[in-house]
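The values are calculated or read from the model by the stated rules, or taken from the named source; none is laboratory data. None of the values given here were measured: they were computed from a predicted structure. All Cβ positions, glycine included, derive from the backbone under ideal geometry; neighbour counts span all protein chains shown.
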């Protein structure tokens, strides 16, 4: 009789347990991205722990047990936290190349900027920026991790970027640094690359440069980190 009761109780487990197991699996898969986009590691960890607690709380899923409204609401809240973390783990990595000016600060946060990068990258994208393109890429391979930003703007913005680069020790002496990687892109956008100014930051290198590329006649800006 006792075994029958156990079997009956198991048959009455909520389907939410299956859903929670699925989301735990999604979080584990999403951890591959979290290792690269550091500000979401914390959220992934919280979501995973919360759902793991739910998973091992067997009584939570037993339909035969009466529970208070407080208990149910707490369970819903905890599950919402876990599900939100899972949704972010799937969505965020695929938004690092979205060309939304308003989304730029979120991309910076998700990418995980340090002090050096914060000083290098613009605080925001100018409201008048046209043909705006951005790509925040985190990767495990050397050279694959990078930030690329380009747009067309006004002369005053170019002046502010030029001043910022010079103030931070960037050098215009770039004869020994290969720039051909950007020529084709600039030519495709109608930018006379032969007239462009290149401001290379001192803590960059030939293979992994940090550079502001400015072209006055078109108002072109290229930022590469």
Between residues in the range 159-173 that are at positive phi and residues that are surrounded by 13 or more Cβ atoms within 10 Å (Cβ to Cβ) and part of a loop (DSSP other than H, G, I, E, B), which pairs lie under 8 Å by C-beta distance while being six or more apart or on different chains?
-> 169/201
Just one of (1) farther than 30 Å from residue 88 by Cα; (2) touching a residue at least 24 places away in the same chain (Cβ under 8 Å) trips up residue 111, so point out which.
-> (1)
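Table: residues versus (1) within 26 Å of the chain's Cα centre (by Cα); (2) surrounded by 11 or more Cβ atoms within 10 Å (Cβ to Cβ); (3) under 17 Å from residue 125 (Cβ atoms).
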{"residue": "191", "(1), (2), (3)": "no, yes, no"}
{"residue": "213", "(1), (2), (3)": "yes, yes, yes"}
{"residue": "217", "(1), (2), (3)": "no, no, no"}
{"residue": "221", "(1), (2), (3)": "yes, yes, yes"}
Could you say whether any residue in the range 78-92 is free of Cβ contacts under 8 Å to residues at least 40 places away in the same chain, in the same structural domain as residue 136 (by TED's automatic domain parsing) and surrounded by 13 or more Cβ atoms within 10 Å (Cβ to Cβ)?
-> no
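Run down 123, 154 and say which single residue is on the phi < 0 side of the Ramachandran plot and more than 18 Å from the chain's Cα centre (by Cα).
Within the list 123, 154, the selection yields 154.
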How many residues does the range 108-125 hold that are closer than 26 Å to residue 50 by Cβ and crowded, with 16+ Cβ neighbours inside 10 Å?
-> 2
So which residues in the range 97-107 are surrounded by fewer than 20 Cβ atoms within 10 Å (Cβ to Cβ) and under 8 Å from the mean Cα position of the chain (by Cα)?
-> 106
Qualifying positions in the range 180-189 - under 25 Å from the mean Cα position of the chain (by Cα) and either surrounded by 18 or more Cβ atoms within 10 Å (Cβ to Cβ) or under 17 Å from residue 168 (Cβ atoms) (or both) | 182
